[in-house]
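To keep things clear, I will list the structure first and then write my remarks on it.
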Amino acid sequence: MPDNKLEELLQIRISDHASEKFKESLKSQDPTYAIRVFVSGGYHLALDKQRPHDFKIEINGVPFLLDPYSVKYAGHLFIDYIEKENESGFLLTNPTVKPPITCGCDSDCSCKK
C-alpha cells in the first residue's frame, strides 16, 4: 500500500514522458514489481519487488520503492525521460542536493538504452 504522507513530503516529480516509459516497462512485468529509486554514488533506477523495510509510493500512477537510506536523498527529485539522437534514458536530478547528485552513470549505464 502506498505511503501517501511520504509521497507528499518527498515531492518527487515525474515528467509525463517518464511516466509513460515506466508504465510501458511495468506492463510486461509481474504486478508485484515497482520502480526502485536508490542512491549509491548517484541516483539509480531498477525494476524490483518490495522488501520488508521499503517505502512504497505512487506518482502519476507509477509505483515506486525506496529504501530507508535513499528516502533521505529523494526529496524534490525530478525524473525525466530524454531521447537524443545517440542515446535515450531516464534523467534523475535533484536541485536541492549540494553538490548536485544526478544519475551518476557513465555511457554503460543501465538507465540508458
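Lysine pair count for the stretch 4-93 with Cα-Cα distance under 27 Å and sequence separation of 8 or more or different chains is 19. Protection proxy ranking of 57-68, 28-39, by the mean of other Cβ atoms within 10 Å over each peptide's residues and highest first, is 57-68, 28-39. Electrostatic tally near A46: other residues with Cβ closer than 13 Å to its Cβ, Lys and Arg +1, Asp and Glu -1, net 0. Less than 5 angstrom separates the built amide H of Y43 from those of T102, C103, G104, all sequence-distant by 5 or more or on a different chain.
Every number in this text was worked out from the coordinates using simple rules, so none of it is lab data. Every value quoted in this text rests on a predicted model; they were computed, and no experiment measured them. Backbone-built Cβ (ideal geometry, glycine too); neighbour counts: all protein chains shown.
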